[in-house]
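Okay, structure first, notes after.
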Amino acid sequence: MESSETTVIAIPVISVRGEYYVSHHFGRAPYYAIVELGRSGYRRIEILENPSPNHVHGHGRGGSHIVKLIELFTPRRVSSVVVLGIGPGAYYRLREQGVRIYYLPVKPGELIPLSRAIEAYLNNQVEEALEPRELD
């Protein structure tokens, strides 16, 4: 991240007792946290509802639900997403739009708080995705 610029990232999240955690399923996440990162740290811009959380899995390559997500992300200047896993449809559509995808390290069954995911991104503790990765 350039020190003089801001970067906007999106993270798929779930809500548990009023707290946000990273969702294991990108396309089926109920919400997306939009976060602005800059020299002085970060601020959560907003939590957006997924316009199509119940889409049919595996139909993302040309799926309208991915188009709807891109329509949510584009005006907010989202340049990267931070995920635990992402299917091929969403992966390739986002990459075609120039959105970078980063994986968080995760242990089976672990819930990662949104704040920890943001810190991992800021501290370069994420891995740029070279291919889709779906979690069970």
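The values are calculated or read from the model by the stated rules, or taken from the named source; none is laboratory data. Every value quoted in this text rests on a predicted model; they were computed, and no experiment measured them. Here Cβ is always computed from backbone atoms with ideal geometry, including for glycine, and neighbour counts include all displayed protein chains.
Some observations on this one:
- Residue among Val99, Val83, Val67 that alone is over 17 Å from Glu46 (Cβ atoms) and modelled with pLDDT under 90: Val67
- Count of the stretch 110-136 residues which are under 13 Å from the mean Cα position of the chain (by Cα), in a loop (DSSP other than H, G, I, E, B) and closer than 20 Å to Thr6 by Cβ: 1
- Pro51 being at pLDDT below 95, touching a helix residue (DSSP H, G or I) at 6+ places or on another chain (Cβ under 6 Å), surrounded by fewer than 17 Cβ atoms within 10 Å (Cβ to Cβ) and of a type outside the set (Phe, Trp, Tyr): yes
- Residue match in the stretch 84-92 (condition: touching a helix residue (DSSP H, G or I) at 6+ places or on another chain (Cβ under 7 Å) and in a helix (DSSP H, G or I)): yes
- When restricted to residues that are outside any helix (DSSP H, G or I), surrounded by fewer than 13 Cβ atoms within 10 Å (Cβ to Cβ) and of a type in the set (D, E, K, R), the stretch 93-109 contains 1.
- Any hit, the stretch 111-118, residues being under 13 Å from Ser23 (Cα atoms) and in contact with a helix residue (DSSP H, G or I) (Cβ under 9 Å, 6 or more places away or on another chain): yes
- Within the stretch 123-132, the set of residues being closer than 20 Å to Ala33 by Cβ and surrounded by 15 or more Cβ atoms within 10 Å (Cβ to Cβ) comprises Val126, Ala129.
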